[in-house]
Amino acid sequence: MSVENPASSAVDIRRGGSADNDSLVEKLIARFGDQVLFQQATLTGMPVLWVTRGALVEVLDTLRRLPQPFEMLFDLSVTDERLRGYREGLPDADFTVFYQLLSVSGNRDIMLKVALSEQDPVLPTVIAIYPNANWYEREAWDMFGIHFEGHPNLYRILMPPTWQGHPLRKDHHARATEFDPYTLTVEGQDKEQQALKFKPEDWGMRRRNDDTEFMFLNLGPNHPSAHGAFRIVLQLDGEEIIDCVPDIGYHHRGAEKMAERQSWHSFIPYTDRIDYVGGVMNNLPYVLAVEKLAGIQVTERAQTIRVMMAEVFRITSHLLFLGTYLQDLGAMSPVFFTFTDRQKAYDVIEAITGFRMHPAWYRIGGTMQDLPKGWDKLMQGFVDWMPKRLDEYERAMMENSLVRDRTKHIAAFDTANALAWGVTGPNLRATGCDFDLRKKRPYSGYENFDFEIPLGHNGDAFDRGQLRIEEMRQSVRIIQQCIDHMPAGDYKADHPLTTPPPREKMLQHIETLITHFLQVSWGPVLKPNESLQMIEATKGINSYYLTSDGSTMSYRTRIRTPSFPHLQQIPQLMRGGFVPDLIAHLGSIDFVMADVDR
């Protein structure tokens, strides 16, 4: 399949600067006048505009149709403003619904905000403009009780159908001890099971046509391979998939709610458990966003250490993907080979961080500790080992005729389709779209490294597998540069919000001792503001959008994960396909349910 690449150009695409953003804002104000209520100054790195509810759809449609359009609804969520103390200058709101748009062709972002009252939390759906708004609007309804008029299936998506209340509202309980004791009678169990029963009519499905009675098959909720507890209901005519409905939420743990009860420091270990095979890669967008709020500039050594360890975890994650992908296709041997190599990587990770899968090793301002003596020899041994193994994987797996027959031209999609559904990372680049944040918007020192961005051509299940082998080769290349050019200096910033004061000062000055005590026991106090950081994580773009209210903990933490929109795309791709093709596609997505459900 030939794919047009809207991100490619004879001229290098650079991130839209402040001049471009100012011009965009001026054009919107000129067109919509007083319907653009306010431009908010934030640390998000993008224009943030408050618009009226009545103008929302038209503004979004305008942005979608620009010469360099905002092709992707990157995120949509809500902030409960009712307990927020620092809102000077902002429009009155009980709830704020925000829409973050991404332009791949223009390499820039914009955020729109709409203020809603508690008595009238209603907005029009925007599915006609951005189809991936479907799940995001359902999540906003589920978590905050925002109603979207015109939405075809405004049902709960993460919480059980019988759940009472909207968990991310500030007045909803946060701890188990705040709930009544849990009991489940036989009658209650029957009620819960009935609530989970799939009713085709609710989703616009027919039970039969003129000559066929369709079969409805529950695939799950199970734990296929290492993906997580996931259910997808199939409408089948024999082996053909007429339609399907993914059902998520079985792995939901309320990570965003927990962020409201943890200090800026103590939430770091929770980030490891989002994409639970991504390790410190999950720490990176969070600590970078906090550092923006705190005004901390980390050292070159800390940046390089972070890049090195993040790329090691990119390799371990891709190895897990590759082994389980082939296992989903019916091959047993590959998973043992890839897991053996993962253990070699974890031996290095453990030697450096003290832990294996979930080190929670990054810190605000740097890392937990410096690299130990001999780290370079350990890392060099791993770097020397991997290239030949990757060659072997390509030869034994991707050149296998059965693998090619099962994956070539299966679940293929082009760049336009990927952007419409919010697809990012390797799954987007498999369509030929050259968009990787490490190159387009370098962070943590990635601009200092020499590496390439592998691209696919057909956007099919095969390309999604092949691409990750190429990405591992580039990660090895980055790690080698870290070994060869590790900067000297400190592994953390010398900043009062991240580094304890010298011990001799604590022994001499009571004010210094008190400050140290408060920093360790409560964590730093960050000034009121909002920040956002996007990174190229293992499965796509991951971002943390943080709101500080001048406290020791986050007022609102929004975690945008790549796997959530990737699963939403499944029905659009699989209608007219076959059950074995669905299994191949599920393996090729590379998702874990903790990354979906949070």
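The values are calculated or read from the model by the stated rules, or taken from the named source; none is laboratory data. No experiment lies behind these values; they were computed from the predicted model shown. Virtual Cβ from ideal backbone geometry, glycine too; neighbours counted across all protein chains shown.
Name the one entry in 416, 430, 461 that is out of contact with any helix residue (DSSP H, G or I) (no Cβ under 7 Å at 6 or more places or on another chain) and either within 26 Å of residue 560 (Cβ to Cβ) or modelled with pLDDT under 90 (or both).
416
If residue 501 passes every condition in (1) farther than 25 Å from residue 43 by Cα; (2) part of a loop (DSSP other than H, G, I, E, B); (3) out of contact with any Leu (no Cβ under 9 Å at 6 or more places or on another chain) but one, which one does it miss?
Among (1) farther than 25 Å from residue 43 by Cα; (2) part of a loop (DSSP other than H, G, I, E, B); (3) out of contact with any Leu (no Cβ under 9 Å at 6 or more places or on another chain), residue 501 violates only (3).
Go through the range 209-227 residue by residue and tally those that are at pLDDT 85 or above and of a type in the set (D, E, K, R).
Qualifying residue count for the region: 1.
Out of all the residues in the range 523-582, which are part of a loop (DSSP other than H, G, I, E, B), polar (S, T, N, Q) and touching a Ser or Thr at 6+ places or on another chain (Cβ under 6 Å)?
The answer is 538, 552.
Are there any pairs, at least 6 apart or on different chains, whose C-beta atoms fall under 8 Å, with the first in the range 138-165 and on the phi > 0 side of the Ramachandran plot and the second part of a loop (DSSP other than H, G, I, E, B), and if so, which?
Cβ pairs passing all conditions: 145/121; 145/166; 145/169; 150/125; 150/127; 165/172.
Which residue pairs have Cβ atoms under 8 Å apart, sit 6 or more places apart or on different chains, and have a first residue in the range 191-214 that is closer than 15 Å to residue 238 by Cα and surrounded by 12 or more Cβ atoms within 10 Å (Cβ to Cβ) and a second that is modelled with pLDDT under 85 and not charged (D, E, K, R)?
These pairs meet every condition: 214/205.
Across the range 233-264, what is the number of residues that are touching a Gly at 6+ places or on another chain (Cβ under 6 Å) and either closer than 19 Å to residue 594 by Cβ or assigned to a strand (DSSP E or B) (or both)?
So the count comes out to 3.
Using the structure shown, decide if residue 430 is in contact with a His (Cβ under 9 Å, 6 or more places away or on another chain), without any contact (Cβ under 8 Å) to a residue 40 or more places away in the chain and small (Gly, Ala, Ser).
Spelling it out, residue 430 is indeed in contact with a His (Cβ under 9 Å, 6 or more places away or on another chain), without any contact (Cβ under 8 Å) to a residue 40 or more places away in the chain and small (Gly, Ala, Ser).
So residue 96 passes all but one of these: (1) in contact (Cβ under 8 Å) with a residue 40 or more places away in the chain; (2) part of a strand (DSSP E or B). Which condition number does it fail?
Going through (1) in contact (Cβ under 8 Å) with a residue 40 or more places away in the chain; (2) part of a strand (DSSP E or B) one by one, residue 96 breaks only (1).
Matching residues to (1) surrounded by 22 or more Cβ atoms within 10 Å (Cβ to Cβ); (2) closer than 22 Å to residue 444 by Cα; (3) modelled with pLDDT of 90 or more:
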| site | (1), (2), (3) |
| --- | --- |
| 271 | yes, yes, yes |
| 289 | yes, yes, yes |
| 299 | no, yes, yes |
| 306 | yes, yes, yes |
| 309 | yes, yes, yes |
| 334 | no, no, no |
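Tell me which residues, restricted to the range 325-382, are under 26 Å from residue 553 (Cβ atoms) and assigned to a helix (DSSP H, G or I).
Answer for the range 325-382, where residues must be under 26 Å from residue 553 (Cβ atoms) and assigned to a helix (DSSP H, G or I): just 353.
Which of the following residues is at pLDDT below 90, of a type in the set (Asp, Glu) and touching a strand residue (DSSP E or B) at 6+ places or on another chain (Cβ under 9 Å): 94, 109, 20?
None of the others qualify; the one that does is 20.
Somewhere in the range 248-261, is a residue surrounded by 13 or more Cβ atoms within 10 Å (Cβ to Cβ), closer than 17 Å to residue 571 by Cα and in contact (Cβ under 8 Å) with a residue 60 or more places away in the chain?
There is at least one residue in the range 248-261 that is surrounded by 13 or more Cβ atoms within 10 Å (Cβ to Cβ), closer than 17 Å to residue 571 by Cα and in contact (Cβ under 8 Å) with a residue 60 or more places away in the chain.
Test residue 547 against the criterion of being among the β-branched types (Val, Ile, Thr) and surrounded by fewer than 19 Cβ atoms within 10 Å (Cβ to Cβ), and give yes or no.
no
Within the range 130-154, how many residues are hydrophobic (A, V, I, L, M, F, W, C), in a loop (DSSP other than H, G, I, E, B) and surrounded by 21 or more Cβ atoms within 10 Å (Cβ to Cβ)?
Total satisfying the criteria: 1.
Under 8 Å by Cβ, and 6 or more places apart or on different chains, what pairs join a residue from the range 516-537 that is closer than 26 Å to residue 46 by Cβ with one that is of a type in the set (Ser, Thr, Tyr) and assigned to a helix (DSSP H, G or I)?
Note: pairs meeting the criteria are 533/286.
Looking at the range 497-535 only, could you name the residues that are basic (Lys, Arg), modelled with pLDDT under 80 and either loosely packed, with under 13 Cβ neighbours inside 10 Å or within 25 Å of residue 557 (Cβ to Cβ) (or both)?
Within the range 497-535, just 503 meets the criteria.
Restricting the first residue to the range 100-114 and requiring it to be part of a loop (DSSP other than H, G, I, E, B), which pairs with a second residue that is surrounded by 21 or more Cβ atoms within 10 Å (Cβ to Cβ) and among the aromatic types (Phe, Trp, Tyr) meet a Cβ separation below 6 Å and a spacing of at least six or different chains?
So the pair list comes out as 104/435.
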